[in-house]
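Student: I have a structure I would like to understand better, so I am pasting it below and will then ask my questions one at a time.
The values are calculated or read from the model by the stated rules, or taken from the named source; none is laboratory data. Note that the structure is predicted; figures quoted are calculated from it, not measured. Note: ideal-geometry Cβ built from the backbone for every residue, glycine included; neighbour counts use all protein chains shown. We work out accessible area using only protein heavy atoms, side chains counted, and drop any ligands, DNA or RNA first. Shrake-Rupley method; radii C 1.70, N 1.55, O 1.52, S 1.80 Å.
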Amino acid sequence: MSATVGYLTVTIEPLPPVVMGDTVTLKCNFRTDGNLREIVWFRVTEGGSSKQKIFTYDAMYNTNFSHMEDFRRREDLVYQSTVRLPEVQMEDNGPYECHVGIYDRASRDKVVLASGSITLAVMSPPKSISVIAADQPARFNRYEAQNFTLMCIVTGGKPAPVVYFKRDGELIEVVPSDKPHEAAESRGLFSARESRPLISRDLDDTKLQKSLSLLEPDVEPVRLDNVRPHQSNTPGALGQEGPQPTTEIIPETVVSREFPRWVLSSSPLYYFNHTQTEFSDGTMEVQAMLTWHLNPQLDNDALFSCEVKHPALSMPMQAEVTLSAPKGPKLSMTPSRAKVGDTVRIAVEGFQVGTKGNEVFPEPLFTWTRVGGLLLDGSAEREGKVLVLERVPAELNGSMYRCTAENPLGSTNTHTRLIVFENPRIKKESLQFNVADSGEELFGPTFMMLLLSVTLEFT
């Protein structure tokens, strides 16, 4: 960028985008055969409507340029003015101008001006990255395939970063989606007009080999027909002579864990979409979503990672999660020795077995029920990590409570029995109350009759 007025030319050396926190030097070069009057640097703000002066040089009060006072000499002189901006921040982003003034050769009272400008682009690396499951916690569906959405949230980057997903260290091939908002609201229920069906009625090779190895030698695998367990098929519908079971036989590998009644392909389609939101400081928040039909048997213990590339980062930034089904809640009860009238709290403190310690992802939904009856408040079930029983009566002694933990990958439960002991304080008060009542019933009428007879005798 340059401007030429007579014999004055001003240029500013271009700068590549800089990273927030770096020290930047702006260089203004100008060529003239006249005498320098002043140099002024401006920062342009508010969209160009305002200018902030950040540096001024006045030749009248500086003897370093006294050799230019001989304005009768015609020679080209090259000068450079530099401005140093230490540890630039996002507010330093924007246009800068260098204005140079020289004395006119014809008149010492006249000043010729020229200027150059440059836009400083300040990049900000992403500040945070996280991976969450959309629309969670959610129940485990054993009858229908579920769409599952991972959401990667990246904040603080400028320009917007590039976000992509990996599974078990391998880059996922995705199908772009043009409806990000609908996908987020409906958990990624996309139409499949340009793709093959996501649900396969046939067992895939991996699942078939696994099932064959677990079944007994004389049991033949069957082809699933997408029906619920309570429905049945005629033998002729499967093309086989003898009666066949309507569901696949899958041995349970974890106690109390339930498996789905449907089978998916081992190569699902992954749909990808993202949205960008710009903040007031110019930084961006990117929400990238990956949606696919979940297969609990293949996706359980799968490692998904969200990675970010950004010009301000020397290496990719990433966050990862391991999909895992709950492995049995670990329960605690307080007080440990409950008495009649106490308030009892049964809480979830973790899991019996878990991936990477006790981590379960996505977050499970906890549901409490009482085996063979309703809860103390009359409800059939209650959600949450804690079940509170206020003023437990003696009738609840020996009652069994079930805590079910479930997420889209599976469901499991743990039982605990409530033992209610007698409360000596309540028993003593009740006994005193009963004795008082019985004494009033026995001695009250007799005392009144005796008092009446004595009164009559005295009369």
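Student: Just order 15-21, 167-173, 37-43 by mean Cβ neighbour count inside 10 Å, highest at the front, would you?
Tutor: Ranked by mean Cβ neighbours within 10 Å, highest first: 37-43, 15-21, 167-173.
Student: Another question about this same structure. Listed highest first by mean packing, meaning other Cβ atoms within 10 Å per residue, what order do 292-302, 406-416 come in?
Tutor: The packing order, highest mean first, is 406-416, 292-302.
Student: May I ask which of 339/385; 53/110; 166/309; 127/330; 127/166; 327/385 have a Cα-Cα span longer than 25 Å here?
Tutor: 127/330
Student: OK, next. Could you order the peptides 136-148, 377-389 from most to least packed, using the average number of other C-beta atoms within 10 Å per residue?
Tutor: Ranking the peptides 136-148, 377-389 by packing returns 136-148, 377-389.
Student: Just to be sure I understand the model, the point goes 7 Å from the Cα along the line to the Cβ. What's the resulting residue 78 to residue 107 distance in nm?
Tutor: 3.3 nm
Student: Right, here's the next one. What accessible area, in Å² to the nearest ten, does a 1.4 Å probe give for residue 51?
Tutor: Counting only protein heavy atoms, the figure is 100 Å².
Student: Still on this structure, please answer the following. Rolling a 1.4 angstrom probe over the protein heavy atoms, how many square angstrom per residue are accessible across region 359-411?
Tutor: So region 359-411 comes to 46 Å² accessible per residue, rounded to a whole number.
Student: Dimensions of region 293-390 along principal axes (Cα, Å, largest first)?
Tutor: Projected onto its principal axes, the Cα set of region 293-390 covers 65, 29, 22 Å.
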